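As structure tokens, the structure follows; a few thoughts come after it.
Coordinate-derived values only; no laboratory data. Keep in mind that this is a model prediction, so the values were computed, not measured. Heads up, the Cβs are rebuilt from the backbone with ideal geometry, glycines too, and the neighbour counts pull from every protein chain shown.
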Amino acid sequence: MPIGVATKYYERIALAEAVAPAADVPPSAAFDFESLQKTGLLARLAPKALTLVLDALWACRIVFPRPRIPFSRYVVVMRHADVVAVLSDNERFETPFGREMRQLCSGDDFILGVGDPEHAVQLSAIKAAMPPTDLPRLARLCEHQAATLISAAPGRIDVIGDLFRRVAIEVFATYFGVPVADPEAFGDWTMALNNLLFADPTGGPPARAQALAAAARVRLILDSAIAAARIAPDSKTIIGRLVRLTNPALTDGQIRAIVLGLATGFVPTITLASSNILSLLMRRPKWMAAAQAAASLQDRGPLKAILLEAARLNPALQPGQWRYTLADARIGPKDGLLSRRVRLGDVIIVATKYALRDPRRFPDPMQMKPGRNPPPDIMFGTGMHWCLGTFVALTEMTEVFRLLLQQPNLRRAAGPAGALSTVGPYPRHLELEFGP
């Protein structure tokens, strides 16, 4: 994820919309997610360079706990306490996703980019449509989907495209009530949306073009699903519940924005998180053995605890999240010599990846200690924008990993197929073999 000096917040977003309005992009617009793959040596090395820079800053955190990247508007916060403080302070540090989210949703807002009272209205609606009582049914659905896909694989499976991502798409389609005719295409569309919002801080034209084309396609599907639900709402689906809500009553545009926004996080984040967890386990044979032993138990708790620890050490959001500074402020102790002054318009890199390794919060941070107390919950955000799909995602990943890790002699396939391929930060393919 290259940083550069400039950010897109918010001048570049406004300019891009003025030149090519999102509303003008039809569902037939050209789309190819693979086209976002960076070419050229420098482009490919840029994400690794950022990681090296942030790793170096983390190593120097005692001297530079809140560094500003030279000649830029970027400030990095890496300590757990600073990350929580910034994510919890919506008055001074806002989520910068609202304007692009509104464009993707064709004018309507999604909870991720708004404050109260609209945030409270959508939060109430989403909680009503996604009650915790759904989790047992979701677990059975995830288990069925994973078992079907693994049993259909003759001892070899693309664990990214044909398991992690496919289960996420099938569960989304069933649980949300969205007919998905082409799962592969739908998965790519959601990743293009996710890429624009969370992995494109500098405002690359290709990322915007692909996201707008994807959004037009997703809106078309959602409009059809909402219209069908208005005629015959299914009380077991998210859309079916949203159309029946009376307090608050939602317009079709608001329902579409909610479901599009949830889809933007659901499929890409579960796929990315699952891929990162698997990658870490496969690099740590002892941890993999512990996870496989836990997968054989009827109790899902031990396996879920191991998956959470793996996710802490290799989280989906790397380096973390973005926040836009609404007013001059200080981060850190007010009377501390190392506190950081930030200015209106600064962009905060909330480096969750490093905060999850902060020894002040997590003793022996590089060791796997399932069941940590307190839990590493900032990987799901905190405060107003804590991830509402957390329990759904954890339920799905636990069921999928439980079945995958039960396969005997699970190993990487030989050759290039056994190496993880990506487009930007998004995993695409990784083949595993198992059996007999």
Open item on the list: Under a Cβ-only charge scheme (Lys and Arg +1, Asp and Glu -1), can you give me the dipole magnitude of the stretch 312-388 about the Cα centre, in debye to the nearest 20?
Closed with: 120
TODO: List the trypsin sites (Lys or Arg not before Pro) within the stretch 270-354 that fall in a DSSP loop (any state other than H, G, I, E or B) and whose Cβ has at most 14 other Cβ atoms within 10 Å.
DONE: LYS334, ARG343
TODO: Name the most mobile residue of GLU118, GLU399, GLU100, meaning the one with the largest mean-square fluctuation, in a Gaussian network model of the chain with Cα contacts below 10 Å.
DONE: GLU118
Task: Dipole of the stretch 11-408 [Lys/Arg +1, Asp/Glu -1 at C-beta], most positive-end residue of THR190, MET368, ALA125 - done: MET368
Task: Dipole magnitude of the stretch 11-408, debye to nearest 20 (Cβ charges: Lys/Arg +1, Asp/Glu -1, about Cα centre) - done: 1320
Task: Residue-averaged 222 nm ellipticity for the chain, from DSSP H runs of 4+ at -39500 (n - 2.57), nearest 500 - done: -15500 deg cm²/dmol
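So for the stretch 11-408: antiparallel DSSP bridges make up what percent, rounded to the nearest 5?
On the way: 10 of 14 bridges.
Counting DSSP beta bridges with both partners in the stretch 11-408, the antiparallel share is about 70 percent.
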- [ ] Please sort through the DSSP H helices of the chain and keep those with an alpha-carbon extent of at least 30 Å along the long axis and a Kyte-Doolittle average not below -0.5.
- [x] 205-231, 252-283
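Could you give the alpha-carbon Rg of the stretch 191-319 over 2.2 N^0.38 Å, rounded to two decimals?
1.38
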Open item on the list: With a cut-off of 8 Å between alpha carbons and a minimum separation of six or more residues, what is the relative contact order of the stretch 11-408 in percent?
Closed with: 25
TODO: Please give, to one decimal in nm, the separation of the simple spin-label points placed at ALA249 and ARG137, each 7 Å out from Cα toward the Cβ.
DONE: 2.5
- [ ] Can you check what the Kirkwood hydrodynamic radius comes to for the stretch 247-347, Cα pairs only, in Å to one decimal?
- [x] 17.6
Task: Tail weight of P(r) past 13 Å, computed on alpha-carbon pairs of the stretch 314-370, percent - done: 70
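Give, as a single signed number, the net charge of other residues whose beta carbon lies under 11 Å from the beta carbon of ARG12, with Lys and Arg counted +1 and Asp and Glu -1.
-1
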TODO: Please list the radius of gyration and Dmax for the stretch 163-254, considering alpha-carbon atoms only, with Å as the unit.
DONE: 14.7, 44
Open item on the list: Tell me the net charge near ALA414. Cut-off is 14 Å between Cβ atoms, ALA414 excluded, with +1 for each Lys or Arg and -1 for each Asp or Glu.
Closed with: +1
Open item on the list: I'd like the chymotrypsin sites (Phe, Trp or Tyr not before Pro) in the stretch 59-107 restricted to DSSP loop residues with at most 16 other Cβ atoms within 10 Å, sorted by number.
Closed with: PHE71
TODO: Take ALA419, project a point 7 Å from its Cα along the Cβ direction, then tell me which residues of the stretch 271-306 have their backbone nitrogen under 17 Å from it.
DONE: 279, 283
Open item on the list: How many angstrom lie between the Cα centre of the stretch 366-399 and the Cα centre of the stretch 268-306?
Closed with: 14
Open item on the list: Students often get this wrong, so check it: of LYS304/LYS369; LYS8/LYS48; LYS48/LYS334; LYS48/LYS353; LYS127/LYS353, which have C-alpha atoms separated by over 23 Å?
Closed with: LYS48/LYS334; LYS127/LYS353
